[in-house]
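Working notes for the structure below.
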Amino acid sequence: MKITEALMAEHMMFHNLFDHVEKTAPRLKTAREIKLLAALMDSMLAAHSRTEDDLFIGPLEHCFEQIGHRETFHQEHEQIEECLKQAQSVKQSRQARQWLLAAVDCSRKHFDKEERIVFPMAERVLKSKTLTALAQTGMEQRKTPAG
Ligand SMILES: [Fe+2]
Ligand SMILES: [Fe+2]
């Protein structure tokens with residue numbers, strides 16, 4: 001399997017999670033419930049973003065520069081993470097919900113950009129063999145917890 005295929009498969013799972021969060025969040029009454037959902041999304045996204053940050057930015061750096069996205073790729077991960085941290089730290093349920101839904105919104109836009117621009121670019125620029133090797137590295141990396 002290529003890394004682009006592996007990441008894309010994860011995207012499909014995240015799209016379901018985002019749908020679920022959008023549907024559920026308005027009905028949740030306590031801040032605690034919303035925070036649990038934010039924490040779940042946070043930890044699931046962390047592994048995904050880490051793989052992209054570690055394995056994609058390097059080999060595709062020159063391409064990102066050309067399309068003017070070198071910083072944004074990583075920045076968007078941080079922005080999503082920040083929304084989820086806020087969702088987990090505010091006191092009122094209304095605010096927690098707003099941050100959680102903002103995280104979903106940011107994530108959807110970011111994922112869309114990856115699916116339309118970044119993954120096809122990786123498929124064009126990198127060799128099949130490289131994409132497969134990167135998927136292998138990504139799997140190995142998942143076995144070790146983030147430092
Ligand atoms: Fe990403
Ligand atoms: Fe992604």
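The values are calculated or read from the model by the stated rules, or taken from the named source; none is laboratory data. Owing to the predicted nature of the structure, the values given are computational and were not obtained by experimental measurement. Methodologically, a virtual Cβ is constructed for each residue, glycine included, from the backbone with ideal geometry; neighbour enumeration extends over all protein chains shown. What goes into the accessible areas is simple: the full protein's heavy atoms, side chains included, and nothing from ligands, DNA or RNA. Shrake-Rupley method; radii C 1.70, N 1.55, O 1.52, S 1.80 Å.
Summary of values
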{"read-out": "Yes/no for LEU36 being farther than 16 Å from HIS110 by Cα and without any contact (Cβ under 8 Å) to a residue 40 or more places away in the chain", "value": "yes"}
{"read-out": "Every pair of residues 6+ apart whose Cβ atoms lie under 9 Å, when the first sits in the range 1-18 and is without any contact (Cβ under 8 Å) to a residue 12 or more places away in the chain while the second is within 13 Å of ligand 1 (Cβ to nearest atom) and open to solvent by 40 Å² or more (accessible area, probe 1.4 Å)", "value": "MET13/MET44"}
{"read-out": "Any hit, the range 109-120, residues being more than 14 Å from ligand 1 (Cβ to nearest atom) and part of a helix (DSSP H, G or I)", "value": "yes"}
{"read-out": "Test: residue in the range 120-141 that is more than 19 Å from the chain's Cα centre (by Cα), more than 21 Å from HIS11 (Cα to Cα), open to solvent by 70 Å² or more (accessible area, probe 1.4 Å) and more than 14 Å from ligand 2 (Cβ to nearest atom)", "value": "yes"}
{"read-out": "Unique match (being surrounded by 14 or more Cβ atoms within 10 Å (Cβ to Cβ) and at pLDDT 95 or above) among GLU76, GLU52, GLU10", "value": "GLU10"}
